[in-house]
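To start, the structure under review is shown below, and the notes come after it.
The values are calculated or read from the model by the stated rules, or taken from the named source; none is laboratory data. Because the structure is predicted, anything quoted here is derived from the model rather than measured. Glycine also receives a Cβ, built like all others from the backbone with ideal geometry; neighbour counts cover every protein chain displayed. Keep in mind that these areas ignore ligands, DNA and RNA; they rest on the heavy atoms of the full protein, side chains included. Shrake-Rupley method; radii C 1.70, N 1.55, O 1.52, S 1.80 Å.
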Amino acid sequence: MRVNLKEDSYEILIERGALTKLGSWLNLLWKPQKVAVITDTNVAPLYSQTVMNQLSAAGYTPHLAVVPAGERSKSLQTAAELYDFLAEAEFTRSDGILALGGGVIGDLAGFVASTYMRGIHFVQIPTTLLAQVDSSIGGKTGVNTDKAKNLVGTFCQPAGVLIDPNVLKTLAMRRVREGIAEIIKSAAIADLNLWQTLSHLKDEADLLDHAEAIITSALEVKRQVVEEDEFDNGMRLILNFGHTIGHAIEKTAGYGVISHGEGVALGMIKINSVSEAKGLSPVGSTAQLKEMIMKFHLPTELPDWDEKALYQAITHDKKARGNNLKLILLAEIGQAKIVEVPLVEMKDYLKEAL
């Protein structure tokens, strides 16, 4: 799959066993150089040695940087530590970064790559389903602050993305489900065929057996909107279905307590239930969403619903423009629409617990 942009177009390789071909794949993109492999404490024991060996055999000089696993590493403090790591290893603008991990590592490594020496090139090797179907492509990088998720970031496209579904075998089931939430979102907003495919699957294991095809379909949704709206000013906003409330849930619960995918699942149900009640989304669409989400054992209820805290978190959402917020609603299953509402109207969407 190729993401075609005005500048910085790149290809995505989706293939079982692709990790064992990393060296030859990277040779098509980069000359021999220093490569900083940025990963975390969960992924490093599993795949870092394979990656380091592949890089060395292909003529690169790899340097391994391991950060603590979890959302808390996606911070300006960790970024600063990585800047120091690169400087001490004498990385220049002719060297590169390889992000090996899930969405946290992809966002963090991409942010560091786009800001170190005003920008060096990087590639993504996502190791979670969530990163494989969503965050590894599109060029968004970022870190969290105490105020909001992804508040500080850049748009910076990778030089390439390598996706090996085989690495999902070592993924905890909760993390698999986290990625499934984004797949459900992609189907709901733009791909009725993918929705029907998901409807015919038995469970998470069945989905993983068909991972290549499903990952490709989900990425096709994102590829199309990224090509049309690279910098998130128009149609690309539809990818945020469920995210406005979902990000707020993540923030108020404390990063890592509610996963990103769990927040999105809850956010999709909540936003659509109110939208349906207002006559803005089809009758029965919330029940369809809830059935699909329950099928893959994602949460549909949040016991501790704090309307005031959620609203405060939403006021810091990047989708807020002035006193208005662009909401993503379902016109029908398989098609989304963008509706601009006064920010204060979000209180209507937060009044009652799920």
Practice prompt. For region 189-207, enumerate the residues that are touching a Leu at 6+ places or on another chain (Cβ under 6 Å) and in a helix (DSSP H, G or I).
Written response: Leu207
Practice prompt. Working carefully through the options Leu219, Leu162, find the one that is in a helix (DSSP H, G or I) and either open to solvent by less than 10 Å² (accessible area, probe 1.4 Å) or not hydrophobic (A, V, I, L, M, F, W, C) (or both).
Written response: Leu219
Item to complete: State whether one or more residues within region 195-212 are of a type in the set (A, V, I, L, M), closer than 16 Å to Ile12 by Cα, buried (at least 23 other Cβ atoms within 10 Å of the Cβ) and in contact with a helix residue (DSSP H, G or I) (Cβ under 6 Å, 6 or more places away or on another chain).
Response: no
Item to complete: Six or more apart or on different chains, Cβ under 6 Å: which pairs go from a residue in region 177-194 that's of a type in the set (Ser, Thr, Tyr) to one that's crowded, with 24+ Cβ neighbours inside 10 Å? Could you list them?
Response: Ser186/Ala218
Worksheet item: Between residues in region 50-62 that are at pLDDT 95 or above and residues that are open to solvent by 70 Å² or more (accessible area, probe 1.4 Å), which pairs lie under 6 Å by C-beta distance while being six or more apart or on different chains?
Response: Ala58/Asn27; Gly59/Pro32; Tyr60/Pro32
Worksheet, complete the sentence: Out of (1) in contact with a His (Cβ under 9 Å, 6 or more places away or on another chain); (2) in contact (Cβ under 8 Å) with a residue 60 or more places away in the chain, the one Gly261 does not meet is (1)
Discussion item. Can you tell me which residue is surrounded by the most Cβ atoms within 10 Å (Cβ to Cβ) among those in region 165-184 that are within 16 Å of the chain's Cα centre (by Cα) and charged (D, E, K, R)?
Written reply: Glu182
Fill in: Residues of region 110-129 satisfying the condition of being assigned to a helix (DSSP H, G or I), in contact with a helix residue (DSSP H, G or I) (Cβ under 8 Å, 6 or more places away or on another chain) and buried (at least 24 other Cβ atoms within 10 Å of the Cβ)
Phe111, Val112, Leu129
Item to complete: May I ask you to list the residues in region 1-16 that are more than 18 Å from Leu28 (Cα to Cα) and of a type outside the set (D, E, K, R)?
Response: Leu5
Item to complete: Being closer than 17 Å to Asn150 by Cβ and of a type outside the set (Ser, Thr, Tyr) narrows it down to one of Leu289, Leu325, Leu280, Leu330, so name that one.
Response: Leu325
Practice prompt. Quick one: in region 92-146, of everything that is among the β-branched types (Val, Ile, Thr) and touching a Pro at 6+ places or on another chain (Cβ under 9 Å), which residue is modelled with the lowest pLDDT?
Written response: Ile137
Worksheet item: If the Cβ limit is 6 Å and pairs must be 6+ apart or interchain, which residue in region 227-246 that is within 24 Å of Arg2 (Cα to Cα) and without any contact (Cβ under 8 Å) to a residue 24 or more places away in the chain pairs with which residue that is open to solvent by less than 40 Å² (accessible area, probe 1.4 Å) and among the basic types (Lys, Arg)?
Response: Asp229/Arg236
Response to the item:
Going through region 66-91 in order, the residues found to be within 21 Å of Lys140 (Cβ to Cβ) and in a strand (DSSP E or B) are Val67
Worksheet, complete the sentence: Here the residues within region 37-65 that are open to solvent by less than 40 Å² (accessible area, probe 1.4 Å) and either farther than 20 Å from Gly23 by Cα or part of a strand (DSSP E or B) (or both) are Val37, Ile38, Thr39, Asp40, Pro62, Ala65
Worksheet item: Mind checking which residues of region 4-36 are out of contact with any helix residue (DSSP H, G or I) (no Cβ under 8 Å at 6 or more places or on another chain), assigned to a strand (DSSP E or B), closer than 23 Å to Gly103 by Cβ and open to solvent by 40 Å² or more (accessible area, probe 1.4 Å)?
Response: Glu11
Item to complete: Please find, among Val123, Val152, Val167, the residue that is within 19 Å of Asp209 (Cα to Cα) and touching a residue at least 24 places away in the same chain (Cβ under 8 Å).
Response: Val167
